[in-house]
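As structure tokens, the structure follows; a few thoughts come after it.
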Amino acid sequence: MAFRHLRASSSPCDRQHRLAKVASLGHLKDLLRIHQIQTVVDVGANIGQFGLSLRKVGFEGTILSFEPMRQARVNLEKVAVQHPPWKVFPNALGSRAEEKRLQIFKDDTFSSLHSMTTEGKRIFGSYVEAQAEEVIKIEILDRLFLANLKKEIQGPVLLKTDTQGHDLEVLQGGVEFLKQTSVVLTEAAVEVIYEGAPAFTEIFQFLKQKGFETSGFYPFSHRPETLAMIEFDAFFVRKKDG
């Protein structure tokens, strides 16, 4: 099937992304098994793409999804009820409890608390045309965990964060939560396309200090003219002595 898709691909970028997607799903499936993951905390869930990937690779445990964007969350909730156990929360997560404006782009998977850089706009063009804004509430993962999430967590945890430039903030707000987390999957950038967002090296150093080591990198965006990598999914696992 994968080779059929590759033969049909019309561009080098498309082929690279299809290969990475297949490899990433295989890696995810192995991590779920090896670490015996029973709960996945899905931050920046959009309409449930990652949750559906979990079900696709056979994960039957609990999914706790966070999605602040109103319309995406409506669609996410419809998906979640069809694939239980899966619970949806209306919050964004960060290092401070506050309200901020979420910028919604034409392709809402790019929507972010951060403005797109000039180069990001050039690369992604009409996909990142501004469509609207929503005021959203940002909560701290550690505070939510102590207040009402603790009863939802069963067994080893995988934390996934895909928040378009806000991932380090999510992790910084979950220092205590990370202590019981076995696997982290985060979006990371070689070339930063959101104003004020961290480069991968900052996320790497933070997670290394918290007892994690790298497990896998799977690129999902490239410069079309050179195939230079822009962003990738980064898997981390807790060190045995971490």
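From the list L54, L31, pick out the single residue that is over 22 Å from V135 (Cα atoms), in contact (Cβ under 8 Å) with a residue 40 or more places away in the chain and either in contact with a strand residue (DSSP E or B) (Cβ under 9 Å, 6 or more places away or on another chain) or among the small types (G, A, S) (or both).
Residue meeting the stated conditions: L31.
In segment 122-159, how many are free of Cβ contacts under 8 Å to residues at least 24 places away in the same chain, over 25 Å from S95 (Cα atoms) and not hydrophobic (A, V, I, L, M, F, W, C)?
Here the count works out to 4.
Can you say whether K240 is assigned to a loop (DSSP other than H, G, I, E, B), free of Cβ contacts under 8 Å to residues at least 12 places away in the same chain, farther than 30 Å from H17 by Cα and not aliphatic (A, V, I, L, M), as far as the supplied structure shows?
Here the answer is yes, as K240 does meet what is asked.
Out of (1) buried (at least 16 other Cβ atoms within 10 Å of the Cβ); (2) modelled with pLDDT of 95 or more, what's the single condition that is false for H17?
(2)
How do the strands (runs of 3 or more DSSP E) wholly within segment 33-97 filter down when requiring 1 or more residues that are over 17 Å from F110 (Cβ atoms), more than 15 Å from the chain's Cα centre (by Cα) and not charged (D, E, K, R): which remain?
39-43, 62-66, 86-89
Among the residues in segment 170-193, are any more than 27 Å from G216 (Cα to Cα) and among the acidic types (D, E)?
No, the conditions are met nowhere in segment 170-193.
Being over 18 Å from the mean Cα position of the chain (by Cα), of a type outside the set (S, T, Y), closer than 18 Å to K100 by Cα and assigned to a strand (DSSP E or B) narrows it down to one residue among E134, E139; which is it?
E134
Just name the residue that is surrounded by the fewest Cβ atoms within 10 Å (Cβ to Cβ) out of those in segment 153-168 that are part of a loop (DSSP other than H, G, I, E, B) and out of contact with any Leu (no Cβ under 6 Å at 6 or more places or on another chain).
So the residue we want is Q154.
The values are calculated or read from the model by the stated rules, or taken from the named source; none is laboratory data. The structure displayed is predicted, hence computed values, not measured ones. Every residue, glycine among them, receives a Cβ derived from its backbone with ideal geometry; neighbour counts consider all protein chains shown.
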